[in-house]
Amino acid sequence: MDNQNFPEGVQRVAAALKAKNHPHAPVMLDDAARTAQQAADALGIALGQIAKSIIFRRKEDDVAVLVITSGDRRVDEKKVEALVGKLGRADADFVKAKTGFSIGGVSPLAHAQPPVTLVDEDLFRFEEIWAAAGHPHGVFKLRPHDLALLADAPTANVTQVPKP
């Protein structure tokens, strides 16, 4: 499938990846991967290898805060707030307006408005990870180090301690 046949959001992500010389173009999965588990199952990889894009609303200025975390981790909002300020809930309309993507397909790059972004350091447990490419069926492959560069974001400890 060439880029012209991709949905608009995936085309934006593909263009951003190409502009940054990323070696892997988005691919479209047969089934939707709205959750990290669905994506991991479709790709035959560990849940932790899915880079989830979680959007929050920063209360002080209504800016989107993007936390890219490992699929098997939960974001610790207190840790994120300590880094970026008080957070509020981001509903579907806010996510679509700020990112240009619908929930379930939010890419870590090519947003409508640049978000404040943090990359979960737990993603660095893996050699290879996969992220949403702007559509519930779209994903792309990358390395955690590439993610930090592509998203132009610092890495941080932003997740809850996993239960043993």
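The values are calculated or read from the model by the stated rules, or taken from the named source; none is laboratory data. Quick caveat: nothing in here was measured; it's all calculated off a predicted structure. Glycine gets a Cβ as well: all are built from the backbone with ideal geometry, and neighbour counts include every protein chain shown.
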Please specify each residue of the stretch 69-102 satisfying the condition of being of a type in the set (G, A, S) and touching a residue at least 24 places away in the same chain (Cβ under 8 Å). S70, G71, G85, G88, A90, G100, S102
Is it true that some residue in the stretch 116-123 is part of a loop (DSSP other than H, G, I, E, B) and touching a Ser or Thr at 6+ places or on another chain (Cβ under 8 Å)? no
Considering only residues that are within 16 Å of the chain's Cα centre (by Cα) and among the charged types (D, E, K, R), look in the stretch 53-75 and name the one that is surrounded by the fewest Cβ atoms within 10 Å (Cβ to Cβ). R74
Within the stretch 14-32, work out how many residues are out of contact with any strand residue (DSSP E or B) (no Cβ under 7 Å at 6 or more places or on another chain), closer than 18 Å to A112 by Cα and in contact (Cβ under 8 Å) with a residue 40 or more places away in the chain. 4
Among residues belonging to the stretch 116-152 that are over 12 Å from A51 (Cα atoms), hydrophobic (A, V, I, L, M, F, W, C) and more than 12 Å from the chain's Cα centre (by Cα), point out the one that is surrounded by the fewest Cβ atoms within 10 Å (Cβ to Cβ). L149
S102 vs. criteria modelled with pLDDT under 95, in a loop (DSSP other than H, G, I, E, B) and within 19 Å of T35 (Cα to Cα): yes
